[in-house]
Amino acid sequence: MNEPEERLDALLRQVHTHVEQVVATEGRVQSLLDAVTAIAGNLDLPQTLERIVSAAGELAGARYVALGVIDSEGDGLSEFITRGISEQDVAEIGPLPAGHGILGLLITDPRPLRLHDLREHAGSYGFPAHHPPMSSFLGVPLRVGERVFGNLYLTDKQSGEDFTEDDERAVVALAAAAGIAVENARLYGTVQRREQWLDATLQIQRAFLRRVDLAGALQLVTSRARMVLGADVAVAVLEQDDGTLQVRALDGGPDDLLNSTLPREGALADVVGHAATVRLAEGLRIPGLEFVASALLVPFTGPSGDGGALLVGTMTARRGRWLAEEDVQALQGFAAQAAIAMDRAQAQEDRAALAVLADRDRIARDLHDVVIQRLFATGLMLQSAVRRAADPDIENRLLEAVADLDTTIGDIRSAIFELSHDGPATALPTQIREIAAIALPTLGLRPDVVLEGPLDSAVPASLRPDLFAILMESLSNAARHAHPTRVDVHVGIEGSGTEASIVVRVRDDGVGFATTDHESGLRNMRQRALARGGSFTVDSAPGKGTLVCWRAPLREPEVVVTTGE
């Protein structure tokens, strides 16, 4: 080949090389534009980050790519998104990188970095077990506004060569466009999250307007908090009267944790005792909640004003955006709003309960002051009619009617007690004196009442209806039969411990009587005593008055089952 031909051949080779470079550049530019378009077209932050990683790998021809998101403290990584390593390999490698070695170098000095072999760099931290070998390296910071959001790490160019300056320029350009996409996705996510918090708060308030009970309310709070933050578990812990901490609601954790008691120590003590917000980092555990790997704990107040904590966390090592500062503030606000809504609901419940109790009290007063008085008066009229009855059959019928009235009065008195016992309880001594006052119109005198012992605290509610029935029956008998000038009522506690008993004694100085077998009222009092495992005696004689003594143990009687053999 002569010299002109050689020159022409060299010129053609140069033109061909230049054309290839132009075509490659145009292809890379087009790839960059396609990557930016794909990234910018998505407003979901996790998907946006995944697309950035994929686009960077395709643009630079890298076998392995990762995006490390810098944590809120600015000295480590909160997320690490990878491409090129299988999930099985990731699991075998173990915990995700925290930002040491060359990865940390880009955190402290956020400038592009290209290396022929990253293992030879002085800042190399080495690879953990099961990690694939890597050599060539390209690192580029990803900025969002004025701050570094994270770093792109590319290793092992698929061609086997080092990463070039063109690779660096392309990835830097991609990172610049990606920063805008990340910021847009973050802003969109923040708006969405705020809407979710507002919706969750409205759901709580609407639910309380429907008068949800405390257990249902707390369950709703935990489920909504867990859903909005995308966490694994949410736990509501409330302080009890004795100072212990009890799990009152649970969403996503082990079922046997519900209603369990937790030790008041560590992070729980900090939140409940000092109304502080605590971030539970990986590696720290709460006694009783050891399955929680990382969490947010915020103060939470129950409807009765008891202190508590709302915990929302993960059960596996997963650091990420749900631990962002705006989420901490949002969870604090949500917990405070939920506590206010529960307080309002509890106030509505209290007002409704007071209205019911006021109505019950009115009914009880009407029964007490009107109905029983009329029944007593009717009984006295029938009693006077007995004396005028010439026919024995009519006399017996009148006596039966009087006994039925006595039983009815006892039933009404029990009903009055049942109406009253759910509300603010009337002290037992007061109720006993009220029964004595009821007998005043029929007796023509006020009984002398003597009370001994801690009646109000010692006598169980289940025993009081029998006690009232005995008092009313005894006073009724004295009014009908004895014609006394004095009646003494003594109610007291005798004995102690398991042997303690309530004793009722009613003594009058009336006409007395010789036999008691025909008196159905006395039989009823005896049966009430036997049913309680107690005793009943009557000491009376003509002209010497009557002493009625009714005794019942304060403990519940044992039920004896017979086989019939």
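Here are a few things to note about the model shown:
- Solvent-accessible area per residue for the stretch 40-199 (1.4 angstrom probe, square angstrom): 51 Å²
- At q = 0.16, 0.20 Å⁻¹, base-10 log of I(q)/I(0) for the stretch 50-105 (Debye sum, equal scatterers on each alpha carbon): -0.53, -0.81
- Considering only the Cα atoms of the stretch 69-156, their convex hull presents on average a projected area of 5.6 nm².
- Using a probe of 1.4 angstrom and keeping all protein chains present, the accessible surface of the stretch 227-270 works out to 44 square angstrom per residue.
- Carbon and sulfur %, accessible surface of the stretch 45-131 computed with the full protein complex present, 1.4 Å: 49 percent
- Gyration tensor verdict on the stretch 128-219 (Cα atoms; rounded if a/c is under 1.5, prolate if a/b is larger than b/c, oblate otherwise): prolate
- Carbon plus sulfur fraction of accessible area for the stretch 140-237, probe 1.4 Å, in percent: 51 percent
The values are calculated or read from the model by the stated rules, or taken from the named source; none is laboratory data. Since the model is a prediction, treat every value here as computed from it, not as a measurement. These area figures cover heavy atoms from the full protein model, side chains too; ligands, DNA and RNA do not enter into them. Shrake-Rupley method; radii C 1.70, N 1.55, O 1.52, S 1.80 Å.
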